[in-house]
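Right, one structure below, let's go through it.
The values are calculated or read from the model by the stated rules, or taken from the named source; none is laboratory data. If you're wondering where the values come from, they're calculated on a predicted model, not measured in any experiment. Heads up, the Cβs are rebuilt from the backbone with ideal geometry, glycines too, and the neighbour counts pull from every protein chain shown. These area figures cover heavy atoms from the full protein model, side chains too; ligands, DNA and RNA do not enter into them. Shrake-Rupley method; radii C 1.70, N 1.55, O 1.52, S 1.80 Å.
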Amino acid sequence: MIEDLYQDIILDHNRNPRNFGPLAQANRSARGYNPLCGDKVEVQLQVDGDRITAVGFQGSGCAISTASASMMTQKLTGATIDEAESMFARFHDLLTEGDAGEAQEDDEELGELEVFAGVRRFPMRVKCATLAWHALRAALSDQGEEGPVKTEA
Amino acid sequence: MNPKTTDRKTTPLRFDLDRIRGDFPILSREVHGRRLAYLDNAASTQKPRAVVEALENFYFSEYSNVHRGVHYLSQRATEAFENARARVGRFVNAERAEEIVFTRGATEAINLVARSFAAPHLGPDDEILITTMEHHSNIVPWQLACEAAGARLRVAPISDDGDLEIDRLESMIGDKTRLVSVVHVSNSLGTVNPIAEIARRAHSRGVPVLVDGAQAAPHLPIDVQSLGCDFYAFSGHKVYGPTGIGVLWGRHELLEQMPPWQGGGDMIESVSFEKTTYREPPFRFEAGTPNISGAVGLSAALDYIDELNIESVRAHEAELIDDTLLRLEQTEGVHLIGRPARRCGVISFNMEGIHPHDIGSIVDLEGVAIRTGHHCTQPLMDRLGVTATARASFGIYNGRDDVDALLNALDKVRSIFGKGG
Ligand SMILES: Cc1ncc(COP(=O)(O)O)c(C=O)c1O
């Protein structure tokens, strides 16, 4: 059912995205772009050592991509880089692991992100839900490159 | 005579929607448990039984390669293929069948002109002129050609309503302009461009005109002679024919001057390792085994459309579009994108605060197929200040029930997004 996709919490984050706007103290960033629909997102991070201390995003997209970006920023504020990576893997499994995803649905680590389980039935929309996450990973992998964002260690 | 009001009264008599729908088996399937309302005809049209049966008949009883063998089936297949060429020639009112080149689609037809007609003579500082409302397939081939030659791609502007600014276009045609390439009907807005007028103005400056007719061929009578253009491109799959077959019509005297763009079998007169001479058009442009069955299927599709009488198709579609526009205008939160003076086939719209992709997913579950996105016209989206639109596009089998389904589905979209707002 369509209500599985557009749960109240997703609609709420779409209407009032959290951590939306430029992040003044950001030291990492990356853009995500979905050429299929033209959705754009920029994810900005403040990384301190191996910890993500602040996350913000900007851009325009559908409800699924906006809510996913918004909820990601909440989820990852305060997480270590390793925790962010493992969260992405769990989230990705949740969206793509067919109907054998019951294990993930009980995944306590994911918490509220489990509302995106409904996206699984809409393969064309998986990219919407993962767009901000891909940008986040690109921002994190900037480390060691000569890009504009670089941290101490 | 006002065609709109007279057609409104007489259409039901001449136009038997149930009979047409009966010709398209796919329309009776359900999608997500709902009756299918197929409103994505600008992307591709569904196929009538007549087309599929023509393919089956050809493969089961006449198939062979063309232009090669002396055996019976090779002759039959060649005949069928060349009859299809003549059939397409009649569809666009070409002076002669040899002006019809079979391609994979509109995209390949445009690329053919870019590579074979434009590129060989394109020098630094030369210009190709297109418009803001072009499909990517009428932008990128010219970018490639211009880049290679150091030439310049220029873009004629449109109004906020989505109409071509034809005086501005004319003023951009100069000594350096080598070609004007313009869409006949916009796939994103439905704008019908005044091709005859554009051709007249371009020709008065000695500049040839290519028309991208991908969205016009399914809806308008095409007469290349009265349009006065030099090339006309369209795709089979958008006129109820098979995929993988398309058409370039070109003026014979231009085709004759053009070198081949691909080399291979079938396009040569004689080959030696020292020198190869090429066949006359259209064969010069059809290297290798062509899409023989595609041409046969396309021919059957054109027969099918012509039997319906394209004027009655046009009246039916115009009436449906007028009704839909009216109802969308009255729907709270819906904004029409583009208000062209002449429109056919397509309506683009957005809903306040709701991304087109979300609209697309929700209406899909109601059985309504529309397209959402940039429709391969990103520069046009930029010009209009949107990233995407929702687009309903119409075909010969659409009726009021499809429009009802769309509007009910849009209500559903609003109720989902209105929750707790
Ligand atoms: C206006 C226009 N031009 C060109 C094309 C390209 O057609 P095809 O993909 O069949 O080559 C399309 C189809 O989407 C179109 O709408």
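Numbers for the structure displayed
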quantity	calculated
Options B:277, B:243: the member that is within 16 Å of the ligand (Cβ to nearest atom) and either in the same structural domain as residue B:183 (by TED's automatic domain parsing) or among the aromatic types (Phe, Trp, Tyr) (or both)	B:243
Flag if residue B:140 is aliphatic (A, V, I, L, M), closer than 26 Å to residue B:255 by Cα and open to solvent by 10 Å² or more (accessible area, probe 1.4 Å)	yes
Boolean, residue A:69 is more than 10 Å from chain B (Cβ to nearest Cβ), open to solvent by 20 Å² or more (accessible area, probe 1.4 Å), more than 30 Å from residue B:34 (Cβ to Cβ) and not polar (S, T, N, Q)	no
Where a residue in the range B:225-253 is in contact (Cβ under 8 Å) with a residue 24 or more places away in the chain and within 19 Å of residue B:43 (Cα to Cα) and its partner, wherever it lies, is open to solvent by 10 Å² or more (accessible area, probe 1.4 Å) and in a helix (DSSP H, G or I), with Cβ under 7 Å and at least six apart	B:240/B:304; B:242/B:55; B:243/B:237; B:246/B:108
Wholly enclosed strands (runs of 3 or more DSSP E) of the range B:342-415 bearing at least 2 residues free of Cβ contacts under 8 Å to residues at least 24 places away in the same chain and either at the interface with chain A (Cβ under 9 Å from one of its Cβ atoms) or closer than 28 Å to residue B:28 by Cα (or both)	B:371-373
Candidates B:65, B:41 - the one that is more than 16 Å from the ligand (Cβ to nearest atom) and surrounded by 14 or more Cβ atoms within 10 Å (Cβ to Cβ)	B:65
Qualifying position, being away from the ligand (no atom under 16 Å from the Cβ) and over 21 Å from residue B:42 (Cα atoms), among B:155, B:180, B:113, B:207	B:207
The range B:345-369, residues that are within 16 Å of the ligand (Cβ to nearest atom) and either under 16 Å from residue B:135 (Cα atoms) or touching a Ser or Thr at 6+ places or on another chain (Cβ under 8 Å) (or both)	B:345, B:346, B:347, B:348
Matching option when the condition is within 16 Å of the ligand (Cβ to nearest atom), basic (Lys, Arg) and open to solvent by 20 Å² or more (accessible area, probe 1.4 Å), among B:76, B:104, B:96, B:90	B:104
Answer from B:405, B:409, B:369 - the residue that is buried (at least 17 other Cβ atoms within 10 Å of the Cβ) and under 20 Å from residue B:353 (Cβ atoms)	B:409
Candidate set: the range B:116-137, residues that are within 12 Å of the ligand (Cβ to nearest atom) and hydroxyl-bearing (Ser, Thr, Tyr); chosen: the one farthest from the other protein chains (Cβ to nearest Cβ)	B:131
Any hit, the range B:329-345, residues being in contact with a His (Cβ under 9 Å, 6 or more places away or on another chain), open to solvent by 10 Å² or more (accessible area, probe 1.4 Å) and outside the structural domain of residue B:192 (by TED's automatic domain parsing)	yes
Condition met for residue B:281 (open to solvent by 10 Å² or more (accessible area, probe 1.4 Å) and not in a strand (DSSP E or B))	no
Residue match in the range B:117-137 (condition: of a type in the set (D, E, K, R), under 28 Å from residue B:44 (Cβ atoms), open to solvent by 20 Å² or more (accessible area, probe 1.4 Å) and touching a residue at least 60 places away in the same chain (Cβ under 8 Å))	no
Qualifying residue in the range B:216-224 (condition: within 14 Å of chain A (Cβ to nearest Cβ), within 21 Å of the chain's Cα centre (by Cα) and either within 16 Å of the ligand (Cβ to nearest atom) or not hydroxyl-bearing (Ser, Thr, Tyr) (or both))	no
Which listed residue is on the phi < 0 side of the Ramachandran plot and touching a residue at least 40 places away in the same chain (Cβ under 8 Å), from A:82, A:93, A:39	A:39
Condition met for residue B:188 (within 14 Å of chain A (Cβ to nearest Cβ), open to solvent by less than 30 Å² (accessible area, probe 1.4 Å) and within 16 Å of the ligand (Cβ to nearest atom))	yes
Residue B:254 vs. criteria in contact with a helix residue (DSSP H, G or I) (Cβ under 8 Å, 6 or more places away or on another chain), in the same structural domain as residue B:99 (by TED's automatic domain parsing) and over 30 Å from residue B:50 (Cβ atoms)	yes
